[in-house]
Amino acid sequence: MSWDPETPYNELPPLPPRADYETKPILKAAIRARTALAAMNEATKRMPNPMVLVNSLSLLEAQASSEIENIVTTTDELFRFAQDATDAASADTKETLRYRAALFSGMEAIADRPISINTAIEICTNIHRRDMGVRRLPGTYIGNEKTRRAIYTPPVGESVILAKLSNWVEFVHTDADIDPLVVMAISHYQFEAIHPFADGNGRTGRILNVLQLVAAELLREPILYLSRYIIRNKDEYYRLLLEVTAAGAWEDWILFILRGIEETAGRTLSKIDRIQELQREMRDEIKQLTTAGSNSDLIDVLFEHPYARIGNVIERCGVSRPTATTWLNALTSAGGLVDVKVGRERLFINQRFMRILSTDDPLPAERREQTLF
């Protein structure tokens, strides 16, 4: 049966694909991607406190992944409300913060049990904060909302969707000798093609990507996020997804994802180097400007919570409010932090750290050259 974009794709082929997904270019690209991941993992292991990355990069991933779905918030608002999403936060900010919460709950889930259909349902449910079972009603399509013209219509029927998800889970846990990065690339396409939920499929699928890499022990911490790469290459991302459906163009799709893993790992490695350099600078500043001395808890607060509150320092460092305030004021007066008043609270922003987080680091020279081949 030929594929028709306006007809539910109930004939979506099961995994594994019939096409050759272990071509020479794919195998070479997988080696480069794994090498980049390994280098990033080693750098993470050397960090005294990896939560510096986990907390902040997960927020930026939540922002980028949500932006792909036209849910837009500013970095400033996202970090301001990261610890407490009050009524003052916009609806988009609250939804973006739920994405990070869904990621963390997914990490907890796979620590106890393998990735399953329920994992996907729980992630999507946490993103929306309401029960999100698989689609039961027809009418879902991907296309132009104004013209109502479909580019792709996913499978319909609860039993059909559940059967295809069961096959997807089986492939995620395949015992075949397939590189886990290739498994992730293939299973990501399949999940998006099944499109099991009425909403939130893209965000759920991108969280599942991270969970697969952690479960495969290719990631020590959940810090590799592809959403920025997808945003930079958004047209190509959707074009290649569609070409797998229309023409079985698996190689181009898998190479696209592997290149994204390699590039993102390289950029994250550059970010880790810059963060560690800034931490050394700020440790010296803390010693010179405050009585905290070499108190590692204070430096951890300022990086785990780049929009820090006085209460964060009190709780983490075990000091009084006057002492915490004096430390933060001293660093602010010297230009190390920026003090912003929000309602009744003061936020002390680690702007240098925020610049590192927000800058799309260039690839190291050797990785730039590798991506050309």
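Just so you know, all these numbers are worked out from the coordinates, no wet-lab data involved. Predicted model only: the values in this text are computed from it and were never measured. When we count neighbours, we look across all protein chains shown, and the Cβ atoms used for this are built from the backbone with ideal geometry, even at glycine.
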field: Label-point separation in nm, Ile31 to Asn10, each point 7 Å along Cα→Cβ
entry: 4.6
task: Calculate the spin-label point distance for Ala101 paired with Trp3, positioning each point 7 Å from the Cα along the beta-carbon direction, and give it in nanometres.
output: 3.6
query: To the nearest 10 degrees, how steeply does helix 234-247 sit against the main Cα axis of the chain, on a 0 to 90 scale?
result: 20
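Sorting Glu170, Glu217, Glu67, Glu61 on the 10 Å Cβ count, fewest up front, what's the list? Before the final figure, lay out each step's value.
Numbers: Glu170 13, Glu217 9, Glu67 18, Glu61 24.
Listing Glu170, Glu217, Glu67, Glu61 from fewest to most nearby Cβ atoms yields Glu217, Glu170, Glu67, Glu61.
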- prompt: For Glu145 and Ala247 in one chain, what is 0.36 nm times their gap in residues minus the Cα-Cα distance, to one decimal in nm?
  reply: 34.2 nm
query: Do the sum for the chain: with -39,500 (n - 2.57) for every DSSP H run of n ≥ 4, divided by all residues, what is the mean residue ellipticity at 222 nm, to the nearest 500 deg cm²/dmol?
result: -20000 deg cm²/dmol
task: Would you mind calculating the gained length between Ile117 and Glu277 on full extension (0.36 nm times residue separation, minus the Cα-Cα distance), in nm to one decimal?
output: 53.4 nm
message: Less than 18 Å apart at the alpha-carbon level, and either on another chain or at least 8 residues along: which aspartates and glutamates does that give for Lys341?
response: Asp76, Glu77, Asp84, Asp87
- prompt: Residue separation times 0.36 nm, minus the C-alpha to C-alpha distance between Ala198 and Ile231: what's the value?
  reply: 9.6 nm
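What does the charge count around Ile110 come to, taking other residues whose C-beta lies under 12 Å from its C-beta (Lys +1, Arg +1, Asp -1, Glu -1)?
My count for the surroundings of Ile110 gives -3.
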